[in-house]
Amino acid sequence: MFHQGRGSAVVAAITMLLFLIASQNEVTEAATTYRVGGGGGWTFNVAGWPKGKRFRAGDTLVFNYGASAHNVVAVNKAGYQTCKTPSGAKVYQSGTDKIKLVKGANFFICSIPGHCQSGMKIAISAV
């Protein structure tokens, strides 16, 4: 009887250890960095770039572009659909902007006239 209880304690300890290892792996895998547009960077016709990717809140998007030619603006759904920058919106202009995703809908456009209308916008849903 003594050995049976000891064996149960060992099994419980191993189970707990495996659980801890699995949960640590989830934490380290939680945040991913994505280069928007892949090798082409943040440019025209990137609206389809998010397709097939699974985004999570806390992931980072890196927008690489010529700072004198483009910018990045986080907008709401209406701003995305109409290609209009809401009053007070933060305009990123460094050419290597890093933006963390929030849970739910995330919308980004280039506010240079005509650029958003030419497909320089992305919509991302993060879980």
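All of the numbers you see were taken from the coordinates with simple rules; none came from a lab. This is a predicted model, so every value here is computed, not measured. Note: ideal-geometry Cβ built from the backbone for every residue, glycine included; neighbour counts use all protein chains shown.
Extending 7 Å from Cα along the Cβ direction at Lys51 and again at Lys100 yields two label points whose distance is 3.1 nm. Each label point was placed 7 Å from the Cα along the Cα-to-Cβ direction; for Thr33 and Lys90 their separation is 1.8 nm. Ranked from largest, the principal axis spans of the Cα set of the stretch 31-126 equal 32, 27, 22 Å. Here, P(r) means the percent of Cα pairs in each 5 Å bin from 0 to the largest distance; for the stretch 77-127 it is 4, 19, 28, 28, 17, 3, 0. Working from label points 7 Å from Cα in the Cα-to-Cβ sense, the Ala123 to Lys77 distance is 0.8 nm.
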